[in-house]
Amino acid sequence: MVLPNSTIGVLGSGQLGRMFAISARRMGYRVHTFSPESDTPTGQVADFEICAEYQDLDAVKKFAKNVDVITFEFENVPFETVEVAEKFAPVRPNGEILHITQNRLREKTFLAQNGFPVTPFRHVKTLNELQKSIEEIGAPAVLKTAGFGYDGKGQTKIKSVGDIETAFANLNGNEAVLEAFVEFEKEVSVVAARDLRGHFAHYGVIENVHANHILDVSFAPAFVSKKTEKEAVEIAREILEKLDVIGVLCVEFFLTKDEKLLVNELAPRPHNSGHLTVDACVTSQFEQQLRTVCGLPLGATDLYKPAAMANLLGDLWETGEPNWQKALQFPEVKLHLYGKAEARSGRKMGHLTALSETVEEAIKVVKKARVALK
Ligand code: AMP
């Protein structure tokens, strides 16, 4: 067991690491963060910020030797980095889970082979294979690079056979996965945690609305049937068990019009859709990550009140600094900013969370507060 006053290493240095570090420091832990950047969202609140390339294995070794346990906040950390780190301190969730989930093809294959519901997909390496795969799967379909994709990056929709060549050229020689397009009713996620003894906790079903492939608004509880809720949680439980996850993992789903759940993606860490747990739940997803990676018991996941979260993207800064005072005039709204200096379009800079008596009201208030920022 890794007890308070021990040191936790975080690979990656973004907002997920920042919110993890805040939870960890609150409970008396020290935090070291490792990434190629400096003055990072995590580094600003950590005890120690190591600035080195992930491929600098001597630096990784030194980092790992100085901490009691390691977790990550970014799943594109190279697998070799984790392999080296694992020799000196436990990495939770382990490197094998990271290896599977950082590549869409491995992830989809894992899911399909273990009987989890996914949209039909094919591995694509050549233009010929893409043509053949479109014949098999049909159009529309989505072509995604197998590695290093997030927030719709490296994705092209193929509406008809005429789009094949351009879509293939967009891959720039990278391996890809072709997926059948899902006419979904909505997107939902289950953020779940599993401790060293195999105990499981979850936050129920969170509903997610995307804009330009990036999460825009999340709310809980989701507008789904009891049956869907039960199924989604059961699928999440089985995935965490099958992967032997020690930590937090988020399962993103498509819910089809005929109420079928399809797993879209796994994230072996806290997730943007779970940010509302910070203000709305007894134990946040970040504290749950802390507890699980340290071998502590899980915390309660009860939702105090219906909640909604709205992301704040860099675009909000286009005409200058957002009007913080105005958004904070809504007393039930909480502001989270990640300490990023440069506001680029599409970049996640922060979020707002609103707690209300009903989900509908929480969504309305959080959106109003965001509009007030402009
Ligand atoms: P991803 O990076 O795979 O999570 O994709 C980002 C977003 O693109 C998803 O949240 C969906 O809104 C959309 N998307 C991705 N794959 C599909 C698909 N096969 N069918 C329909 N929409 C998709």
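Fewest neighbouring Cβ atoms within 10 Å first, the residues S356, S23 line up as S356, S23. In this structure, the amide hydrogen of E185, modeled 1.01 Å from its nitrogen in the peptide plane, lies closer than 5 angstrom to those of L255, T256, K257, counting only residues at least 5 positions away or on a different chain. Put simply, when 140-146, 11-17, 83-89 are sorted by average Cβ atoms within 10 angstrom per residue, most first, you get 11-17, 140-146, 83-89.
Here K227 and R26 are evaluated by their C-beta separation; at R0 = 35 Å the FRET efficiency comes out at 0.40. Packing, taken as the mean count of other beta carbons within 10 Å per residue, orders the peptides 62-73, 225-236 from highest to lowest as 62-73, 225-236. Peptide packing for 305-314, 41-50, 269-278 was compared via the average number of neighbouring C-beta atoms within 10 Å per residue; ordered from the highest value, the list is 269-278, 305-314, 41-50.
Placing a pseudo-label 7 Å from each Cα along the Cα-to-Cβ vector at N170 and K260 gives an inter-label distance of 2.5 nm. Proximity of backbone amide H atoms, modeled 1.01 Å from N, is registered between S6 and R30 at under 5 Å, excluding neighbours fewer than 5 places apart on the same chain.
Please order V248, V366 by the number of other Cβ within 10 Å, starting at the fewest.
Values: V248 32, V366 29.
Listing V248, V366 from fewest to most nearby Cβ atoms yields V366, V248.
Per residue, the chain reaches -8500 deg cm²/dmol at 222 nm when only DSSP H runs of four or more residues are counted, each adding -39500 (n - 2.57). In sequence order, the stretch 186-197 has phi-based couplings of 7, 10, 9, 9, 10, 9, 9, 9, 9, 9, 4, 8 Hz under the Karplus curve 6.51 cos²θ - 1.76 cosθ + 1.60, θ = phi - 60°, and Gly or Pro positions carry x. When E129, E241 are sorted by how many other C-beta atoms sit within 10 angstrom of their C-beta, beginning with the fewest, the order is E241, E129. Relative contact order for the stretch 7-91: 34 percent, from Cα pairs under 8 Å spaced at least 6 residues apart, divided by residue count. Evaluating 6.51 cos²θ - 1.76 cosθ + 1.60 at θ = phi - 60° for every residue in the stretch 3-12, the Karplus couplings come out as 8, x, 5, 7, 10, 10, x, 10, 8, x Hz, glycine and proline recorded as x.
Net charge in the neighbourhood of F219 (other residues with Cβ under 10 Å of its Cβ; Lys, Arg +1, Asp, Glu -1) is -2.
Between H99 and Q325, what is the FRET efficiency for a Förster distance of 41 Å, r being their Cβ-Cβ separation, to the nearest 0.05? Result of the calculation: an efficiency of 0.35.
Inter-part distance, the stretch 310-357 to the stretch 48-111, computed on C-alpha centroids, equals 30 Å.
In a shell of Cβ-Cβ distance under 9 Å around R269, excluding R269 itself, what net charge do Lys and Arg (+1) and Asp and Glu (-1) give? Here the charged neighbours net out to -2.
The label point for F148 and the one for N66, both projected 7 Å from the Cα toward the Cβ, are 2.7 nm apart.
Tell me the relative contact order for the stretch 189-238 as a rounded percent, counting alpha carbon contacts under 8 Å between residues six or more apart.
33
With springs only between Cα atoms under 10 Å apart, run a GNM on the chain and tell me which of N264, N172, N114 wobbles the most. Among N264, N172, N114, the largest GNM mean-square fluctuation belongs to N172. Over the chain, Cα pairs under 8 Å with separation of 6+ residues give a relative contact order of 14 percent. What would the Debye formula give as log10 I(q)/I(0) at q = 0.13, 0.14 Å⁻¹ for the alpha-carbon point model of the chain, no solvent? Results for the chain at q = 0.13, 0.14 Å⁻¹ read -1.11, -1.28.
Considering only DSSP beta bridges where both residues belong to the chain, give the percentage that are antiparallel (nearest 5). For the chain, the DSSP antiparallel bridge percentage is about 80. Farthest toward the positive end of the dipole of the chain, out of V182, F286, I97, is the Cα of F286, where the dipole comes from beta carbon charges about the Cα centre. Straight-line cross-link partners of K334 among the lysines, defined as a Cα under 18 Å from its Cα and at least 8 positions apart when in the same chain: K305, K326, K348, K364, K367, K368, K374.
Computed from the coordinates by the stated procedures, all read-outs in this text should not be read as laboratory data. Not measured: the values here are computed from a predicted model. Positions of Cβ are backbone-derived with ideal geometry, glycine not excepted, and every protein chain shown enters the neighbour counts.
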